[in-house]
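*Asks:* One structure, pasted below without further comment.
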Amino acid sequence: MATKSVGRGPGKEKMKLKSLLLRYYPPGIMLEYEKSGELKTKSIDLLNLSSSTDVNALVEEIQKAEPLITASRSDQVKLLIQRLQDKLRQHSNHKFYLFKVLRAHILPLTNVALNKSGSCFITGSYDRTCKVWDTASGEELHTLEGHRNVVYAIAFNNPYGDKIATGSFDKTCKLWSAETGKCYHTFRGHTAEIVCLSFNPQSTLVATGSMDTTAKLWDIQNGEEVFTLTGHSAEIISLSFNTLGNRIITGSFDHTVAVWEADTGRKVYTLIGHCAEISSALFNWDCSLILTGSMDKTCMLWDATNGKCVATLTGHDDEILDSCFDYTGKLIATASADGTARVFSAATRKCITKLEGHEGEISKISFNPQGNHLLTGSADKTARIWDAQTGQCLQILEGHTDEIFSCAFNYKGNIIITGSKDNTCRIWR
């Protein structure tokens, strides 16, 4: 159990708890409280919660660790934990059915992304636009026009979902209103194509990674460049923030991964160990571990506190194209050009199961929010859903006529979107 605060200030003033909110994935309780007249939030992470956890003992432990949870609140906290346990028991096992096929653009698609609820999604394209779609109706809501080259990297500022960032081969990033389609800012400064981007969790910054070997942080409010992260010697192809938003990680074709302080732009560590290009780099939920995947056929696990490698995950016969943690950070999944995926335990670093069945390379892998299923997208034109513990293939999502380069769950895990080189997006639910 860990508590994370968002917001700073001296610790002496009186704090008053205003409300308690549930967070299902990963399991936790959000506290809204007042301190010196300011509303703040913190979270109690319950990453080890299971359906058999002793609730009374856990509530006692929470009360010892968190002064805001007073005795008068213990019954309420018990109820919330029981609701989280109920949610853990409802392992989603429903089948997905094709709901809509969208021919989104005339020219090739580059990426697709869902907002948190899955109510809308965005597509980027070689036609220099990003389009915003309503998932339920399949209607196009907005076309975001203004880039002068391929729109390659796209993202919503989840969990809020009211802003969209687009990164282009025209070397700029644009920030848009998801509601109106209006362009707020154009971020200029990169000297080559932008190929990856990410919002920080607080939605105050957007980070861009470029073929010019740098990453840049931009202020969402005023549209100004905040920092340039310099130090890589080849293009940056992967970039993400940790859960707290105080660290950013960049993966490069120079075979290294760098960790930076988000509020100073200072490089904290360089993770050296891979002997080929990096394909993915990310933190686990509690920010204790970093997972990196590489074209050298391995993934490496690093201690995020000191930048030391704690394990090398081997077994694939070809490049690692994608890797991820589940929401709680207990499981790791790897997807490879060898056509298989693997699941590892983050604690023991041992391989739990192999996912075999695709007939082409697997370029995307992700867990559903519940952590019991995995979704993979492959060059064999199918996406597949797997049991994360047994490795059994539960469902094949068929119908695309060319390779799938993008697939994702929404936050509830009841909608899937797939994007293919056949130039369609398919919505499954």
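The values are calculated or read from the model by the stated rules, or taken from the named source; none is laboratory data. Here the structure is a predicted model, which means the values were calculated and not measured. Cβ sites come from the backbone with ideal geometry, for glycine too, and all protein chains shown count toward neighbours. To get the accessible areas, we keep the full protein, side chains included, count just its heavy atoms, and leave off ligands, DNA and RNA. Shrake-Rupley method; radii C 1.70, N 1.55, O 1.52, S 1.80 Å.
*Asks:* Count, please, the residues in the range 145-167 that happen to be among the aromatic types (Phe, Trp, Tyr) and in contact with a strand residue (DSSP E or B) (Cβ under 7 Å, 6 or more places away or on another chain).
*Replies:* Summing the residues that are among the aromatic types (Phe, Trp, Tyr) and in contact with a strand residue (DSSP E or B) (Cβ under 7 Å, 6 or more places away or on another chain) in the range 145-167 gives 2.
*Asks:* Considering 212, 170, which residue is under 24 Å from residue 281 (Cα atoms), more than 19 Å from the chain's Cα centre (by Cα) and of a type in the set (Asp, Glu)? Steps first, answer last, please.
*Replies:* Details: 170 fails: under 24 Å from residue 281 (Cα atoms).
On inspection, the qualifying residue turns out to be 212.
*Asks:* Here's a follow-up. For residue 100, are the conditions met, namely being open to solvent by 50 Å² or more (accessible area, probe 1.4 Å), in contact (Cβ under 8 Å) with a residue 40 or more places away in the chain and assigned to a strand (DSSP E or B)?
*Replies:* Working: open to solvent by 50 Å² or more (accessible area, probe 1.4 Å): yes; in contact (Cβ under 8 Å) with a residue 40 or more places away in the chain: yes; assigned to a strand (DSSP E or B): yes.
Yes: the conditions hold for residue 100.
*Asks:* Got a sec? Which of 137, 177 is open to solvent by less than 20 Å² (accessible area, probe 1.4 Å) and among the polar types (S, T, N, Q)?
*Replies:* Answer to the check: 177.
*Asks:* Just for the range 180-210: of the residues that are free of Cβ contacts under 8 Å to residues at least 40 places away in the same chain and over 20 Å from residue 240 (Cβ atoms), which one is surrounded by the most Cβ atoms within 10 Å (Cβ to Cβ)?
*Replies:* The selected residue is 185.
*Asks:* Are any residues in the range 390-421 buried (at least 18 other Cβ atoms within 10 Å of the Cβ), in contact with an Asp or Glu (Cβ under 6 Å, 6 or more places away or on another chain) and in contact (Cβ under 8 Å) with a residue 40 or more places away in the chain, and if so, which ones?
*Replies:* 420
*Asks:* Return the residue satisfying two criteria in turn: it lies in the range 52-86 and is open to solvent by less than 60 Å² (accessible area, probe 1.4 Å), touching a helix residue (DSSP H, G or I) at 6+ places or on another chain (Cβ under 8 Å) and in a loop (DSSP other than H, G, I, E, B), and of such residues it is farthest from residue 31 (Cα to Cα).
*Replies:* Step by step, filter the range 52-86, then rank; the result is 53.
*Asks:* Same structure again: Looking only at the range 22-60, which residues are charged (D, E, K, R) and closer than 27 Å to residue 245 by Cα?
*Replies:* At the first step, the residues of the range 22-60 found to be charged (D, E, K, R) are 23, 32, 34-35, 38, 40, 42, 45, 54, 60.
Hits for the range 22-60 are 23, 32, 34, 35, 38, 40, 42, 45.
*Asks:* May I ask you to list pairs of residues, at least six apart or on different chains, whose Cβ atoms are under 7 Å apart, with the first in the range 255-266 being in contact (Cβ under 8 Å) with a residue 60 or more places away in the chain and the second being part of a loop (DSSP other than H, G, I, E, B)?
*Replies:* 262/200; 262/245; 262/246
*Asks:* Would you point out which residue out of 364, 350, 354 is touching a Ser or Thr at 6+ places or on another chain (Cβ under 8 Å), surrounded by fewer than 17 Cβ atoms within 10 Å (Cβ to Cβ) and closer than 30 Å to residue 303 by Cα?
*Replies:* After ruling out the rest, the residue left standing is 354.
*Asks:* Mind checking which pairs have a first residue in the range 31-56 that is closer than 17 Å to residue 327 by Cβ and a second that is open to solvent by 60 Å² or more (accessible area, probe 1.4 Å) and in a strand (DSSP E or B), Cβ under 9 Å, 6 or more apart or different chains?
*Replies:* Pairs that qualify, where the first residue is closer than 17 Å to residue 327 by Cβ and the partner is open to solvent by 60 Å² or more (accessible area, probe 1.4 Å) and in a strand (DSSP E or B), are 43/5; 43/6.
*Asks:* Same structure again: Inside the range 38-47, can you point out the residues that are out of contact with any Asp or Glu (no Cβ under 8 Å at 6 or more places or on another chain) and surrounded by 12 or more Cβ atoms within 10 Å (Cβ to Cβ)?
*Replies:* Within the range 38-47, 42, 43, 46 meet the criteria.
*Asks:* Kindly check whether there is at least one residue in the range 215-227 that is farther than 18 Å from residue 128 by Cα, acidic (Asp, Glu) and either touching a His at 6+ places or on another chain (Cβ under 8 Å) or in a strand (DSSP E or B) (or both).
*Replies:* So far as the range 215-227 goes, yes, one or more of its residues are farther than 18 Å from residue 128 by Cα, acidic (Asp, Glu) and either touching a His at 6+ places or on another chain (Cβ under 8 Å) or in a strand (DSSP E or B) (or both).
*Asks:* May I pose another question? Quick one: count up the residues across the range 277-327 that are assigned to a loop (DSSP other than H, G, I, E, B), open to solvent by less than 20 Å² (accessible area, probe 1.4 Å) and either touching an Asp or Glu at 6+ places or on another chain (Cβ under 8 Å) or among the hydroxyl-bearing types (Ser, Thr, Tyr) (or both).
*Replies:* Number of matching residues: 1.
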